[in-house]
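One structure is given here, and the rest of the page talks about it.
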Amino acid sequence: MGKSTLFNKLVGERLSIISPKPQTTRNNILGIVTDENAQMLFLDTPGLLEEKYRLHAFMTKQIREALESADILLGIVDASNPDDTFDDEVQEAFARWNIPRVIVLNKVDLCSDERIKKLEHRVQEALDPQLILAVSATTGKNLPNLHKALVDTLPLGPQFYPEDMLAEQPERFFVAEFIREEVFNQLHQELPYAIAVVVEAFHEDRPKVYIQANIIVERNSQKGIVIGKGGRSLKAIGQHARKKVEAFLNRPVFLDLHVKVYENWRKKDGALRGFGYDI
């Protein structure tokens, strides 16, 4: 869909992790955009999903809390995906909230004009938004128009954050997210969904920032997969994650990764709270 990619482009900073797999985002990610005309607060939320674990209940709670505080509901449609549909859950969410609704047709650089027109008609009938904009997060097409449309639609209000502030979450949160992103990139099938990342140590008083983090899995068999033959998988996760963390912190980093088992953590409230998911 490109939801997190578009969020990062609108914010101007890589705050949300990106993966081709659905349901990568678990927490609401706040991105702050301030210019001479306005300050906008963007929340990248988890996607709508069927609840199978207590973790899913936390993700649903994140969506509800974001909607309760929102002034605009900005929905993203993957224009390049012919199978993208508007199920009952999506339509209900758009109908339930009495706030301006804006739909972005993303990835239009991969579509014909005819397909875009047909999709605009489908979206208008299914979701009845106040505005539909065709954009490309990859090429930047129409993003300035989207920015202006959002500023024009927002109600007047106070400035909540300093002009140079881009995010609200601490650095530890983003470090854990970059590691989790690499788990999604390096591993396959359903395993990344059974993984959490917890930063245990973060020491900046060294030539290289020392970060020790645990990758949490639910079973011993999963631990072996994450580590890989001769430690290859864990090494690849660490190498790629370290580069992202260094770019984010703008400092050299020593990243010390370990894999630990916590059985069925996605189903346990105590584990979820311990791993940073406030259920």
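Read-outs throughout are calculated quantities, based only on the coordinates presented, and are distinct from any laboratory measurement. As the structure is a computational prediction, the values presented were derived from the model and not from experiment. As a convention, Cβ positions derive from the backbone with ideal geometry for all residues, glycine included, and neighbour counts pool all protein chains shown.
Calculate the dipole size of segment 171-274 relative to its Cα centre from +1 charges on Lys and Arg beta carbons and -1 charges on Asp and Glu beta carbons; express the result in debye to the nearest 20. Before the final figure, lay out each step's value.
Numbers: 18 positive and 13 negative charges, 56 e Å.
Magnitude of the dipole: close to 280 debye.
Would any residue of segment 43-68 have its amide N under 15 Å from a label point 7 Å out along Cα→Cβ of N264? List them or say none. Those under the cut-off are 52-55. Couplings 3J(HN,Hα) of segment 14-23, computed from phi: 7, 9, 9, 6, 10, 8, x, 7, x, 6 Hz, in residue order, whole Hz [Karplus 6.51 cos²θ - 1.76 cosθ + 1.60, θ = phi - 60°; x for Gly and Pro]. If I build a Gaussian network model for the chain, linking alpha-carbon pairs within less than 10 angstrom, which residue out of K21, K223, K118 has the largest mean-square fluctuation? Between K21, K223, K118, it is K118 that shows the largest mean-square fluctuation. Computed from Cα atoms, the angle from the helix 54-69 axis to the main principal axis of the chain rounds to 40 degrees. Near the amide H of F254, within less than 5 Å, lie the amide hydrogens of V209, Y210, I211, all on another chain or at least 5 residues away, with H placed in the peptide plane.
A Cβ-based charge dipole, computed about the Cα centre of segment 1-126 with Lys and Arg at +1 and Asp and Glu at -1, lands at about 360 debye. Per-residue Karplus couplings for segment 218-224, computed as 6.51 cos²θ - 1.76 cosθ + 1.60 with θ equal to phi - 60°, are listed in order as 9, 9, 4, 4, 5, 4, x Hz, Gly and Pro entered as x.
If you average the C-alpha positions of segment 125-140 and of segment 201-226 separately, how far apart do those two centres end up, in angstrom? With segment 125-140 and segment 201-226 each reduced to a Cα centre, they are spaced 39 Å. Using a 10 angstrom cutoff on alpha carbons, build the Gaussian network for the chain and name the most mobile of G231, G31, G157. The residue that fluctuates most here is G157. Pairs of Cα atoms nearer than 8 Å and 6+ residues apart set the relative contact order; for segment 3-153 it is 18 percent. Dipole magnitude for the chain: computed about the Cα centre from +1 point charges on Lys and Arg Cβ and -1 point charges on Asp and Glu Cβ, it is near 1320 debye.
Based on the Cβ-Cβ distance of E190 and E36, what FRET efficiency does E = 1/(1 + (r/R0)^6) give at R0 = 45 Å, to the nearest 0.05? After rounding, the FRET efficiency stands at 0.45.
With contributions of -39500 (n - 2.57) from each DSSP H run of at least four residues, the per-residue ellipticity at 222 nm computed over the chain stands at -12000 deg cm²/dmol. Going by a ≥ b ≥ c, the root eigenvalues of the Cα gyration tensor, does segment 1-125 fall in the rounded group (a/c under 1.5), the prolate group (a/b larger than b/c) or the oblate group? Rounded shape, in that the Cα axes give a/c under 1.5.
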